[in-house]
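First the structure, in the form of structure tokens, and then the observations on it.
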Amino acid sequence: MKKQIVEELNGMPGTHPLSSLLREDRMPHIWCPGCDIGTVFSSCLTAIHESKIDYNNFAMVSGIGCTGRAAGYIKLDSFHTTHGRAIPFATGLKIAKPKMKIIVFSGDGDLFTIGGNHFIHAARRNIDLTVICVNNFTYGMTGGQVASTTPFNSKTSTTPQGNFEKPFNLPYMAAAAGAVYVSRWTTLDVRRLTSSIVEAFNKKGFSFIEVISSCPTSFGRKNKLGSPLDIIQHFHKISVIKNGIHPKDANLDIDKEIVVGKFVDMEAPTFFDLLEKIYPPETEKGA
Amino acid sequence: MEGTEHFIMGDVACAEAAIASGCRFFAGYPITPATEIAERMAKRLPQVGGVYIQMEDELASMAAVLGASWGGLKSMTATSGPGFSLMMENIGLGIVMEVPCVVVNVQRAGPSTGLPTLCAQGDMMQARWGSHGHYEIIALSASSPQELFDVTIKAFNLSEKYRLPVLIMTDEVVGHMTEKVIIPPSNRIEIYPRRITKLPPEEYLPYLPDEDMVAPMVGIGEGYHIHSTGLTHDKKGYPVISAPVQKDMIDRLVYKIRNNVDDIVEYREIETADAEIIIVAYGISVRPAQKALELAREKGIKCGMLRLTTIWPFAEKKIMELASQVKGFVVPEINYGQISLEVERCSAGHAKTILVSHAGGAIFNPNEILEAVEKL
Ligand SMILES: Cc1ncc(C[n+]2csc(CCOP(=O)(O)OP(=O)(O)O)c2C)c(N)n1
Ligand code: SF4
């Protein structure tokens, strides 16, 4: 099935609506059938398209993980860095290319477990980056170990009796650290997710979008969540939209309730605003 | 600052050389004895339209340097032992993505927190092999603020020419020493500009090398849509998980340096013509070695010195050549034997090698080196 689609795509270049943003010569991708990363990735490509911003003005930076492979599939300047370090790499890139839109696209383990420190500091600096996190509650790539986002009691290959640690509330952390745009969606909310990404692109400052996603192969199987379709139906059943609530109340209980929505959308001086205030661009050169 | 004579600290000279080289981005994290480089860059970069950013740690500093360099800014970071250890993974990323940048290690005594304010030369092998996998690196050293200025310019140029992070392995004493430094006028400083392709996007492959095995780069945001990854990749920059592609990539990363050692390696010979004993020294140890050489000559010993500016790649050919001429080498270094092992390897049994070791925290007394010379 997968092969056939690829052949069709190869046979008719340019026929897929997003093909000009895809490295079709890299298909088939590595993602498992039913994996939600593809949904988030295509939402992101659609958002790039819908934003009407010149494609050349975008670059994508990823860390390591299944999600991190996204940078290798997008046909833009793209960087696949080291585990946890996408944000600081993107920070340097953004400073060198302040007019470009830099998207950081990575997994929860990458952005928040190994890389959490960089996330809070980038949010604190309010540097213009759009960070999209595919939160599948686990380390998909290495076979489904516990992460700092794994729900309490969930089974992973390194918490065979259930996770005895508590997970982060990512929107709350992002907001507390200084992000000016924070939202959470599930992979069911494709349209809302897409327009949220467009909004984030247009936001001055640090924007963060968490996407509750499934990893049917590891997390889904270990926790007996059923087929990819079952998981999506479950998201449908238990997710509630609560725009504008304080992110500390954005409950995330994968058995009972997933609160989604846009929680933060505010104005605050960005890294570049403040930098220019102290060092106006007309500062005498070579003094 | 340019075209004038100054009385400045080594760390400051290093920062000034970076500015003169066109460095416009510095990401770092404070650490003794490298902090003064960061402080100087924080003051100077805004004056020349550059950006200094203090990152949350050295992992981030190194990653930001790579990002900024990809974005087209000449970039640098500076640290010491503990921070150098944290930078290793992303130095490896810089090697594999082939990102020009400069990393300064103002060495202090380790392991671990060690002696934060006192010197050592204990990270020379870490510079060579500290990141995982097999690769070639360029590392330079300096024995005075002036030399630190000069090698910093050289480091930026080599990093652009060969597309890799270049390491400057100086030490606390040189970093904190204040001496005369002549900063030449800018038209007298040779700058190697970034190699940018002339090909249009349709024809360009990010990792297709020129004849010298180095691939030209592109400007980001200019429609080339490059992909760069730390995974083993082909000429397109696309990951390929296979032994043949691994061989192609490693061959190129290794031979772009090995085939150009004559261009990269720099050293100075002092009184080696008639020498029977040669002191091989680098960094701060050059200075007591110079004194030891003079004392030995006074005693009628035919002693010379080979001063290494380039540490990696190692001055293999020179050592081999000298080995057939001399009785032996004396290698003073503030560690328990790192570069001395290279000297021993290259002399291949043709000459003896004596290590003069020091655990760190102080520099050599010339007499300690002289003693070894006399023993040979
Ligand atoms: C420094 C380092 N430690 C560990 C790994 C192994 N590793 C690769 S991917 C990964 C986890 C990725 O998890 P996540 O970011 O959640 O992405 P996912 O695979 O779930 O999309 C780990 C631990 C690595 N590549 N580098
Ligand atoms: S392991 Fe999980 S996260 Fe990775 S591709 Fe498969 S389903 Fe997706």
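The values are calculated or read from the model by the stated rules, or taken from the named source; none is laboratory data. It should be emphasised that the depicted structure is a prediction, and the values quoted were computed from it without experimental measurement. Quick reminder, even Gly has a Cβ in these numbers, built from the backbone with ideal geometry, and neighbours come from all protein chains shown. Heads up: the accessible areas ignore ligands, DNA and RNA and are worked out on the full protein's heavy atoms, side chains in. Shrake-Rupley method; radii C 1.70, N 1.55, O 1.52, S 1.80 Å.
Of all the residues that make up segment A:245-265, how many are of a type outside the set (Val, Ile, Thr) and either open to solvent by less than 40 Å² (accessible area, probe 1.4 Å) or under 20 Å from the mean Cα position of the chain (by Cα) (or both)?
To start, the set of residues in segment A:245-265 that are of a type outside the set (Val, Ile, Thr) comprises A:246-253, A:255-257, A:261-263, A:265.
Subset that is either open to solvent by less than 40 Å² (accessible area, probe 1.4 Å) or under 20 Å from the mean Cα position of the chain (by Cα) (or both): A:247-248, A:250-253, A:261-263, A:265.
Total meeting the criteria: 10.
Let's see how each residue does on (1) within 14 Å of ligand 2 (Cβ to nearest atom); (2) among the aromatic types (Phe, Trp, Tyr); (3) open to solvent by 50 Å² or more (accessible area, probe 1.4 Å); (4) within 14 Å of chain B (Cβ to nearest Cβ):
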site	(1), (2), (3), (4)
A:Thr217	yes, no, yes, no
A:Lys224	no, no, yes, no
A:Phe235	no, yes, no, no
A:Ile241	no, no, yes, no
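Condition check: surrounded by 15 or more Cβ atoms within 10 Å (Cβ to Cβ), in a helix (DSSP H, G or I), free of Cβ contacts under 8 Å to residues at least 60 places away in the same chain and hydrophobic (A, V, I, L, M, F, W, C). Does A:Leu275 satisfy that? Against the criterion (surrounded by 15 or more Cβ atoms within 10 Å (Cβ to Cβ), in a helix (DSSP H, G or I), free of Cβ contacts under 8 Å to residues at least 60 places away in the same chain and hydrophobic (A, V, I, L, M, F, W, C)), A:Leu275 qualifies.
Each residue in segment A:47-81 was checked for being crowded, with 24+ Cβ neighbours inside 10 Å, in a loop (DSSP other than H, G, I, E, B) and either of a type in the set (Val, Ile, Thr) or within 7 Å of another protein chain (Cβ to nearest Cβ) (or both), and 3 pass. Of the residues making up segment B:190-219, just one is in contact with a helix residue (DSSP H, G or I) (Cβ under 6 Å, 6 or more places away or on another chain) and open to solvent by less than 20 Å² (accessible area, probe 1.4 Å), namely B:Val214. Within segment A:83-97, if we keep just the residues that are crowded, with 24+ Cβ neighbours inside 10 Å and among the basic types (Lys, Arg), the residue that is nearest to ligand 2 (Cβ to nearest atom) turns out to be A:Arg85. Among all residue pairs at least 6 apart or on different chains, which show Cβ distances below 6 Å where the first residue, located in segment B:133-148, is more than 30 Å from B:Thr232 (Cβ to Cβ) and the second is open to solvent by less than 10 Å² (accessible area, probe 1.4 Å) and assigned to a loop (DSSP other than H, G, I, E, B)? As it stands, the answer is B:Leu148/B:Ala142, since those pairs meet every condition given.
Do you know which residues across segment A:195-215 are within 16 Å of ligand 1 (Cβ to nearest atom) and out of contact with any Asp or Glu (no Cβ under 6 Å at 6 or more places or on another chain)? Within segment A:195-215, A:Phe208, A:Ile209, A:Glu210, A:Val211, A:Ile212, A:Cys215 meet the criteria. Against the list (1) surrounded by 24 or more Cβ atoms within 10 Å (Cβ to Cβ); (2) within 9 Å of another protein chain (Cβ to nearest Cβ), the condition A:Met100 fails is (1).
If you filter segment B:261-273 down to residues that are under 16 Å from the mean Cα position of the chain (by Cα) and surrounded by 13 or more Cβ atoms within 10 Å (Cβ to Cβ), you find that the one that is nearest to B:Ala289 (Cα to Cα) is B:Tyr267.
Restricting attention to segment B:332-359, which residues are open to solvent by 20 Å² or more (accessible area, probe 1.4 Å) and assigned to a loop (DSSP other than H, G, I, E, B)? Result: B:Tyr336, B:Gln338, B:Ala348, B:Gly349, B:His350, B:His358, B:Ala359.
For every residue, the table says whether it meets (1) part of a helix (DSSP H, G or I); (2) modelled with pLDDT under 95.
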position	(1), (2)
B:Ser112	no, no
B:Thr117	no, no
B:Glu136	no, no
B:Phe149	yes, no
B:Ile191	no, no
B:Arg194	no, no
B:Asp212	no, yes
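Take A:Thr142 and tell me if it is hydroxyl-bearing (Ser, Thr, Tyr) and crowded, with 20+ Cβ neighbours inside 10 Å. No, not satisfied.
When the residues of segment B:39-81 are filtered to those that are under 19 Å from B:Val174 (Cα atoms) and surrounded by fewer than 24 Cβ atoms within 10 Å (Cβ to Cβ), the one that is nearest to the other protein chains (Cβ to nearest Cβ) is B:Arg40. Here segment A:45-66 is the region considered, the condition is being within 16 Å of ligand 1 (Cβ to nearest atom) and either among the small types (Gly, Ala, Ser) or in contact with an Asp or Glu (Cβ under 7 Å, 6 or more places away or on another chain) (or both), and the residue that is farthest from A:Gln145 (Cα to Cα) is A:Ser62. Say whether the condition of being modelled with pLDDT of 95 or more, surrounded by 13 or more Cβ atoms within 10 Å (Cβ to Cβ) and assigned to a loop (DSSP other than H, G, I, E, B) is met by at least one residue in segment A:8-17. There is no residue in segment A:8-17 that is modelled with pLDDT of 95 or more, surrounded by 13 or more Cβ atoms within 10 Å (Cβ to Cβ) and assigned to a loop (DSSP other than H, G, I, E, B). When B:Ser242, B:Ser186 are screened for being at pLDDT below 95 and of a type in the set (S, T, N, Q), only B:Ser186 passes. Can you tell me which residues in segment A:184-204 are farther than 15 Å from A:Ile103 by Cα, crowded, with 22+ Cβ neighbours inside 10 Å and either free of Cβ contacts under 8 Å to residues at least 12 places away in the same chain or of a type in the set (Ser, Thr, Tyr) (or both)? Passing the criteria: A:Thr186, A:Thr187. Of the residues making up segment A:158-170, one or more are more than 16 Å from ligand 1 (Cβ to nearest atom), buried (at least 18 other Cβ atoms within 10 Å of the Cβ) and modelled with pLDDT of 95 or more.
The helices (runs of 4 or more DSSP H) falling completely within segment B:3-70 that include 1 or more residues that are more than 18 Å from the chain's Cα centre (by Cα) and in contact (Cβ under 8 Å) with a residue 40 or more places away in the chain map to B:35-44, B:58-70. Every condition in (1) open to solvent by 10 Å² or more (accessible area, probe 1.4 Å); (2) in contact (Cβ under 8 Å) with a residue 60 or more places away in the chain; (3) under 15 Å from the mean Cα position of the chain (by Cα) holds for A:Cys133 except the one numbered (1).
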